[in-house]
Each structure stands twice: as C-alpha cells, then as structure tokens.
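Okay, structure first, notes after.
The values are calculated or read from the model by the stated rules, or taken from the named source; none is laboratory data. The model shown is predicted, which means the values in this text are computed figures rather than measured ones. Positions of Cβ are backbone-derived with ideal geometry, glycine not excepted, and every protein chain shown enters the neighbour counts.
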Amino acid sequence: MTYTVKLIGLKCLVSQEDDGDEIYLTLNRELIWAMPGDYVMHENPQRPNHVKEVDFVAGQLLTSKGWQPIPAATLGASVFGGRSGRSEIEVWDHDNFSRDDYFGKITGSENEIGHGHITGVAAQDAAHYVLTYEILAEE
C-alpha cells in the first residue's frame, strides 16, 4: 500500500545556536525542505530573520513581524506521495564550518493513515523541534 506524507508545521521550542538554526529536513535521506534565504529558526524571534514556526499548509513563517509568506513557496512542496514502508523525516541544522547538526528523526508509515495530524519531536544537542505531519492513503 502506498501513502502520502504531508508536512503540516515545524515549531522551534529551543534553538541550539544563540543566533538561530539553519534548519533543513530530509525524507529518507533526501533533502525535501530548507529554511529560505537568510531565515533561521529561533524560539524567541526578535530579529527580522528569526522564525519560530513554519506553517507548510498556509505557506507562512511566524517571524518577529507576525506571519509572513514563505519566499518562493510552491504549492505541493510539502506533500510527498508514492511512499511505502517507513518514511524517516530527519531534522538538521546546516553549519558552514563544521559538520551539520542532527537533531532527530520522526518515523511515519502506512499504519498512521487516518490518524489526522501527528506530532513528532526532534530534540538533540540542546535543540528541541516539533514537527507535525499527516499520513494520507493513496488511491
């Protein structure tokens, strides 16, 4: 049985770096999303480039100025069909001068079809992120 993974939201509860994390997501080790431009995720957005939360469905970022559209957001950029078996979404922080930081993995599968919004936690290296997703049946 194949299914679709739909990203709903990503929330920063604690950033690892004081100036924010350059978050990106992989699905089964393939890059599926990265913070756009010079935006970084931070639990307390005080600068214009700080993002506390990403709403993939509405295509918006929660910044110090409120909800802003994701630059260059494309429809369907958070929906991944044709999946089978286990789907592993990993949360990473890009670092320019050292190895990227791994914050954790959220695993989904066809067993979660029909469960609505599901929340997974990625919390390592002092960082704490919450990813909300949904598993949908394919026809």
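Considering segment 42-97 alone, what residues qualify as being closer than 18 Å to T26 by Cβ and of a type in the set (K, R)? R83, R86, listed by residue number. Scanning segment 21-55 for residues that are farther than 17 Å from V121 by Cα, in contact with a Lys or Arg (Cβ under 8 Å, 6 or more places away or on another chain) and of a type outside the set (S, T, N, Q) yields P45, P48. Of all the criteria given as (1) at pLDDT 95 or above; (2) within 21 Å of I135 (Cα to Cα); (3) surrounded by fewer than 19 Cβ atoms within 10 Å (Cβ to Cβ); (4) among the hydroxyl-bearing types (S, T, Y), the one not satisfied by T74 is (1).
Of the residues making up segment 84-109, those that are crowded, with 17+ Cβ neighbours inside 10 Å and in contact (Cβ under 8 Å) with a residue 60 or more places away in the chain are S87, I89, E90, V91, W92, D93, D101, F103, G108. Picking from residues in segment 9-26 that are among the aliphatic types (A, V, I, L, M) and buried (at least 18 other Cβ atoms within 10 Å of the Cβ), the one that is farthest from S109 (Cα to Cα) is I23. E88 falls short on exactly one of the conditions (1) assigned to a strand (DSSP E or B); (2) in contact with a Leu (Cβ under 8 Å, 6 or more places away or on another chain); (3) more than 19 Å from V121 (Cβ to Cβ); (4) not aromatic (F, W, Y), and that condition is (3). Among the residues of this structure, P45 counts as one that is assigned to a loop (DSSP other than H, G, I, E, B), surrounded by 15 or more Cβ atoms within 10 Å (Cβ to Cβ) and not small (G, A, S).
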